[in-house]
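Chemist: One structure coming up, written as structure tokens, with questions to follow.
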Amino acid sequence: MDPDGTVVAVIGVSGYTPVAAVKKTTDGYVIEAKVEWSKLGVIAAAGSQIAMDIINFDNDDAGFNVYAWNGSDITEDNTSSMGAVNLGTLSCGTISMFNDQIGDVTLQPTSNEDKTNSNTYVGTYEFESNMNVMFRKDYSPAVTWGNAAFPEGTATIGGAAIPATKGRYRVSFGCLDGAYSFTSVPTGAGVAYTQFATAAPKIDGTLSEYKLDYTMAAGVVAGTGPVNNDVKWGSSWDKDFVYFGVQVKDTKLEGLANPWDSDAIEFYFDGNNDKDGTYDADFDTQIILDFTHGDVVWVKADGAKVTVADETGLSYGKWLATSTGYNVELKLLWKDFGFTPARNKAMGFSICNNDSDKTIGRDYQSAWFGDGNNWNDTKVLGDLQLAGGNLFSDTDEEFYNESVVLYPNPISRNAGFYLLADKEVFAGKTDVKVFNIYGQLVISKSMDLSNDSEMIDTYGLASGSYLVHMISKEGKQAVKKIVIE
Ligand SMILES: [Ca+2]
Ligand SMILES: [Ca+2]
Ligand SMILES: [Ca+2]
Ligand SMILES: [Ca+2]
């Protein structure tokens, strides 16, 4: 292929001309080409491999040079020094729904444990007010999708923001075709709230930290009965954990070997809230705390990888006998569900009580929501929604937003602002990019933030909010907002 656009298949299928285009740039040229698999005799399949090489011939005043992507043999009739191309599964990376008030609300793929369904991302979210949002990739302003249509449409890269209206929605976004929808799911009996905790509950079985606002409807699974327990529960959350406190009034405490045959509390989680019916190993699980096993928490073996240990920053559970029955207290790490907590986000959830009073196993089961299939069908679960706390989703621990100050902020038009950074975090050259709220790059500079303060000139920028993205040569990032008045 020549920079003049001529494409020739030198060896192989005669008479075949691949589709290609060349564009001259200020410092050279770029080429884009597509070759049909069938012309190469390849049946494309994820996991397979083909041999390939790319050679660049350069002829200019410095003489004739040849560069190869792989190997040193540059003759077109020898395949032995070619490299390998592995056919992977197209992955969209991290997809979030973004607005500068709410930050990045991470959406999760519908189950992707078999790596075949990674292009539809879902989440459940309540907008407190009308809000313009867009979808974006890897929390970066560089790739955004939008469209001025609500509640559904097809978003395009760089398209206008989506005018979401106040309300509670199941959000779905296809990162390959751009199709999106906001399906209204109003608050109802199937939504419980977990309240933001300003102080972390102590997992000791005493429940003074919780408002036990919720109960359990009697008898979702019948047995020998009678239904004679009284259950109240509540939940709270912080940036690392979701906490549960459950109070059970039960006159006879007992258990058999199986946790589900014992006096027990069962918790069910649909971490990506896709309610697809299946307990997916990447996001969903069932957890039981029971009489027989005490503080030893039973976790569904083929569910999300929830590690329960002791109270040292990991998930942890407690069973405590009381004068009227027992209490159960549990904390779980959000990150075990791939869930980034923020106010108004939700995951699929329910909670059940198994009662055994007659030493023959479970007499009946009651549930807060759902039915006797809560344990094996995520479709019947309710939602646990985060209340209180931050509206802004702090999405990525790799960001060092606390290590940079922009000042003054807000600024008046044409004034400029300074960056003051922690010199140990942002050592040496840092790439600084400023994006408008539509993700368009408006300023790009490389600067040394270990100087006391570096200035960004904003001359000519319109009033509004801008995001300043910084990445050091070591890959440490920060994103800060600056407002031009
Ligand atoms: Ca406690
Ligand atoms: Ca009982
Ligand atoms: Ca799920
Ligand atoms: Ca009992």
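Each reported figure results from applying straightforward, stated rules to the coordinates on display, with no laboratory input. The model shown is predicted, which means the values in this text are computed figures rather than measured ones. Glycine also receives a Cβ, built like all others from the backbone with ideal geometry; neighbour counts cover every protein chain displayed.
Chemist: Exposure proxy check: 102, 11 ranked by fewest other beta carbons within 10 Å?
Modeler: So the residues, fewest neighbours to most, are 11, 102.
Chemist: Between beta-carbons, use under 9 Å as the cut-off and find the net charge around residue 329, counting Lys and Arg +1, Asp and Glu -1.
Modeler: Every neighbour counted, the sum reads +1.
Chemist: Pick out, from 187, 210, 165, the residue whose Cα sits farthest towards the positive end of the charge dipole of segment 98-221, with +1 on the Cβ of Lys and Arg and -1 on the Cβ of Asp and Glu.
Modeler: About the Cα centre, the residue reaching furthest to the positive side is 165.
Chemist: Dividing the Cα radius of gyration by the Kirkwood radius, what Rg/Rh value follows for segment 315-424?
Modeler: Taking Rh as the inverse mean 1/r over Cα pairs, Rg/Rh reads 1.22.
Chemist: Count the DSSP beta bridges whose two residues both fall in the chain, then state the antiparallel fraction as a percent rounded to the nearest 5.
Modeler: In the chain, approximately 90 percent of DSSP beta bridges are antiparallel ones.
Chemist: What does the helix-only formula give at 222 nm for the chain: each DSSP H stretch with n ≥ 4 adding -39500 (n - 2.57), the total divided by the residues, and the result rounded to the nearest 500 deg cm²/dmol?
Modeler: One gets 0 deg cm²/dmol as the mean residue ellipticity at 222 nm.
Chemist: Something else about it: How big is the Kirkwood radius of segment 95-184, worked out from every pair of different alpha carbons and given in Å to one decimal?
Modeler: 12.8
Chemist: Using a ≥ b ≥ c from the Cα gyration tensor of the chain (square roots of the eigenvalues), is it rounded, prolate or oblate, where a/c under 1.5 gives rounded and otherwise the larger of a/b and b/c decides, a/b for prolate?
Modeler: Since a/c reaches 1.5 and a/b is larger than b/c, the shape of the chain is classed as prolate.
Chemist: Enumerate cysteines in the chain without a disulfide-compatible partner, where compatibility requires another Cys Cβ under 4.7 angstrom.
Modeler: Lacking a cysteine Cβ partner under 4.7 Å: 352.
Chemist: So what's segment 438-485 giving for Rg/Rh, alpha carbon basis, Kirkwood Rh from the mean inverse pair distance?
Modeler: So for segment 438-485, dividing Rg by the Kirkwood Rh gives 0.96.
Chemist: Once fully extended, how much extra length lies between residue 202 and residue 281, figured as 0.36 nm per residue of separation less the alpha-carbon to alpha-carbon distance?
Modeler: Net length gain for the segment: 25.6 nm.
Chemist: Compute the Cα gyration tensor for segment 401-484, then decide on rounded, prolate or oblate, letting a ≥ b ≥ c be the square roots of its eigenvalues: rounded whenever a/c is under 1.5, prolate when a/b is larger than b/c in the other cases, and oblate in all that remain.
Modeler: prolate
Chemist: If you don't mind, another one. Among the listed pairs 137/166; 202/331; 211/232, which have their C-alpha atoms separated by more than 20 angstrom in this model?
Modeler: With Cα atoms farther than 20 Å apart: 137/166.
Chemist: Can you tally the net charge around residue 458? Count Lys and Arg as +1, Asp and Glu as -1, for every other residue whose Cβ sits under 15 Å from the Cβ of residue 458.
Modeler: Local net charge: +2.
Chemist: If neighbour count is taken as other Cβ atoms inside 10 Å, put 1, 134, 447 in order from fewest to most.
Modeler: 1, 447, 134
Chemist: A follow-up question, please. Any idea what the alpha-carbon Rg over 2.2 N^0.38 Å comes to for segment 110-249?
Modeler: Expressed relative to 2.2 N^0.38 Å, the Cα Rg reads 1.42.
Chemist: Still on this structure: Can you tell me the FRET efficiency between residue 49 and residue 29 if r is taken as the Cβ-Cβ distance and R0 is 45 Å, rounded to the nearest 0.05?
Modeler: Once rounded, the FRET efficiency stands at 0.95.
Chemist: Moving on to the next point. What does segment 19-86 give for Rg and for Dmax, in Å, if only its C-alpha atoms count?
Modeler: 14.7, 44
Chemist: How big is the equivalent ellipsoid of segment 191-387 along its three axes, where each semi-axis is √(5λ) from the Cα gyration tensor, reported in whole Å from largest to smallest?
Modeler: The answer is 24, 19, 15 Å, longest axis first.
Chemist: Return 216, 52 ranked ascending by Cβ neighbour count within 10 Å, so the fewest neighbours appear first.
Modeler: With the sparsest Cβ surroundings first, the list reads 52, 216.
Chemist: In whole Å, how far is the Cα centre of segment 204-224 from that of segment 151-171?
Modeler: Measuring centre to centre over Cα atoms gives 38 Å.
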